[in-house]
Amino acid sequence: MIVMKFWTITFITFTWITQIQSQLQPKHQQQRQGKGVGPGPCSQDDISFELITGFVYSSSSESIATIPATLKLTDCLARCRANLTCQSLNFETGLCVLFSTSAANRPTSLNKSQFPVFTIYAQKICLGVTIEPTCQKSWVFETVPGHILTGYSSKLMASPSKQDCMIKCYSETSFQCRSANYNRATSECSLSEMDRHSIITPFNSDRHFRSAPGQEYIENNCVQEPKKLCDFRPIRGRLLKTVDSVWPEIKSLDGCRQKCLQSEYRCFSFDLNDPANKVCRTSHLDSSSSNHIKDAYFEVPAAITYELTSCYDVDIVCRSRDMLTKVRTNRIFNGKIYGKSKPNSCVMDIKNSLSFELSLGYNDVACAVKRDDGAKYSSEIVLQHHDLIVTTKDLGLSVQCSYDLTNKTVVNTVVFESDGEIIGAAKDERFVHSSIVEAPNVTITVTDRLGSPIRTAKIGDLLTLRFSIVDEPSPYEIFIRSLVASDGLDGSEIELIGADGCPIDIAVMGPISRIKGAAKTLETTFEAFKFPTSDIVNFRAVVTPCLAKCQPIHCFSDGFDGSTQESFSYGKRRRRRSVKQAQSDEDLVVLQSIRIQDAFDFNEGARQQPIKRNGRYDIIKESKNHSNFSSSPTTSFSSFSCLTNTGLLMIFSILLITQIIVLALWSIFRCPKKPDQFSSLTLTPTLSPSSTPLGSSGSSSLSSSHYRHRKSDKYVTIHPYNNGSSLASQLYILSTLDNNKYR
């Protein structure tokens, strides 16, 4: 009897506990979902954050802490992570506010942040899956409400919630999921191998990243990206209003660059604030990821923001019959990878890829791998972005595999060098000019940024291609169209200026412009480039003369790197014509041949790590806006960089003599009908109280001398003219004064 009572009580107790658990479980699930907690158990280590940039959470009654002087977003996130009550936060540079609720259960409290600065909002999430140790990031996902990334969907799946879509992207194994689009109306989750940063559209990213009400863009912050060799481009005149981190102790460009690359988040830009108050600032935002934020930048003319462009990781696999070069990049690569000595036979064309490779067979004559000392193989390869020409964005590598047959070990080495070391060009300037029918004589000249003709340059130097009418005077002005650059070997060519007079690729050559004050001279700027197959670059242009004033054409041009530019170019759209009128009688054809010596200098002395100079890795060096003449292999520019005081004095003396001659000629032709006006002039000095005779010890360079004409009531006054230069450049001008008027 006692036993039966015991089992009865036990059964009733068990049933009661089961009912209580079943009643409490929905409440716990609802509470977890309201706090951003996903399905399944969630430990403190699995809690992360979802970032929403440009939005602010407004719920003052749920505010639990306001922390001023918070200079790092990561510190604000750490405070919220350590506080069990904290569910979300607002961050502005210097201010952190923690909340006990979040937009997950109060969606109407989340709105776009207002002027003058934008806010970064973050809320706790628990995906219900273990965050891998490789993802040492402060937040897992960043979302942009009302936006999607189009054109790069890799997998479409059904998802009941945005959080489930995040889990699918994070757990994807068939490819690296960089981003996802979630459609609330259709419950569809679209996974992608690309994100806003991997697509090369910095100036027109709206082409793929666009507004889409009712949908959300989700970006994976745990993506493993190459970080060994990275390049940053300068954006002048603006600073982000809100940044993720401020480093007051870092004031150097190189130190700030390293902070960005080693940050706890995917850093895409950095700056040193206002030059008057240098301080390092880093951010996960750049031009392509901040275009959904209104007025995200301050306009500061002297400031410079540096944005991440390309990063590369290169691995060499030494195999029994070949060496395999594997390349990973953070940005879509379109171009080719080839052996330097065999650019046509040992080549792989790459299209829209983030990883690619090239196999160099040891016994393959198409790649011509060098063999030294029996078991040492080496070669040089080039990563070329443009389909036809080599530019400063390109990358040269010296690869080597050494086999120790005794110990059966394999050693692989890769040497990285920049355009300044491995890509160079020397140009031997030649002019070939011809004209058809009757037309002005036009020359084509390559000059440096100072306008001086040059003979040598290296790839990346800012050069000018100048077209000039040499006939003086000439009634003509000119248009330029159909400018083509070709090599001197197999006829490879690239069109630089189209038949309509507009630039084809602004990343290679800019629009045609007129030199100020010289209507008969046109020019266009470009960075020095060469063809991979030849030393010769031939420029060929069609020049169309026009009478009176030539009017420029309105152009919209795209570059191979995704940039777009609106410009006015002095080109002329080709008129429609019949086949018999294929060549206009008004057109001129100007030619110029330039010899460019290949200068891929693969240095044998540094093979372990990329060379680092001036705070930058030489592997990817930014285009300069000036020519480094001092590093040129020739001395063609020594006269420009070594002008002495004697040379300057000679130049000023020549200018002074020229001015005196021009003045004398002007005086002769000014009054031809009165040749004897000063024939009997006797210069008798008469000094006024305010003047001192020229040449006296007390006179200054600005003193005046008066002389009287014997037979007329005229005075001659010699006024010194000072233009702010030295005494040698002063000019004394003779003028007559009416004595009756000025006496």
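What follows draws every value from the coordinates through simple rules; no lab data is involved. The structure displayed is predicted, hence computed values, not measured ones. In this analysis, Cβ positions are derived from the backbone assuming ideal geometry, glycine residues included, and neighbour counts consider all displayed protein chains.
Each part reduced to its alpha carbon centroid, the stretch 128-203 and the stretch 356-397 end up 36 Å apart.
Amide hydrogen proximity for Thr309: with H placed 1.01 Å from N in the peptide plane, the residues at 5 or more positions away or on another chain lying under 5 Å are Asp231, Phe232, Arg233. Computed from the C-beta positions of Asp349 and Ser320 and an R0 of 25 Å, the FRET efficiency is 0.40 to the nearest 0.05. Between amide H atoms placed 1.01 Å from N, distances below 5 Å from Phe209 occur with Thr150, all of them 5 or more places distant or on a separate chain.
Residues whose amide H lies under 5 Å from that of Leu496, counting only those 5 or more places away or on a different chain, are Leu483, Val484, Ala485; hydrogens are built 1.01 Å from N in the peptide plane. Packing, taken as the mean count of other beta carbons within 10 Å per residue, orders the peptides 384-390, 111-117, 177-183, 217-223 from highest to lowest as 177-183, 217-223, 384-390, 111-117.
Taking packing as the residue-averaged number of other Cβ atoms within 10 angstrom, the listed peptides 234-245, 345-356 run from highest to lowest as 234-245, 345-356.
What shape does the stretch 230-307 take by its C-alpha gyration tensor, where a ≥ b ≥ c are the square roots of the eigenvalues and a/c under 1.5 counts as rounded, a/b above b/c as prolate, and the rest as oblate? Intermediate values should be presented prior to the final figure.
Numbers: a/c = 1.58, a/b = 1.12, b/c = 1.41.
It comes out oblate by the Cα gyration axes.
Listed cross-link partners Lys124/Lys162; Lys155/Lys336; Lys227/Lys530 are compared with a 26 Å cut-off, the Cα-Cα value being larger for Lys155/Lys336; Lys227/Lys530.
Kindly state, to the nearest 0.05, the FRET efficiency for Asn277 paired with Asn111, given R0 = 30 Å and r defined as their beta-carbon distance.
On the way: r = 32 Å, r/R0 = 1.07.
Efficiency computed from Cβ-Cβ geometry: 0.40.
Straightening the chain between Thr173 and Leu261 buys 29.1 nm, computed as 0.36 nm per residue apart minus the Cα-Cα spacing. Look at where the Cα atoms of the stretch 63-109 and of the stretch 226-245 average out, and the two centres are 25 Å apart. A simple spin-label model places the labels of Phe556 and Arg233 2.0 nm from each other, with each point 7 Å out along Cα-to-Cβ.
Quote the FRET efficiency, to the nearest 0.05, computed for Thr66 versus Leu462 with a Förster distance R0 of 51 Å and r equal to the Cβ-Cβ distance.
On the way: r = 50 Å, r/R0 = 0.99.
Between Thr66 and Leu462 the formula returns 0.50.
Spin-label model, Cys135/Thr443: points 7 Å from Cα along the beta carbon direction are separated by 6.5 nm.
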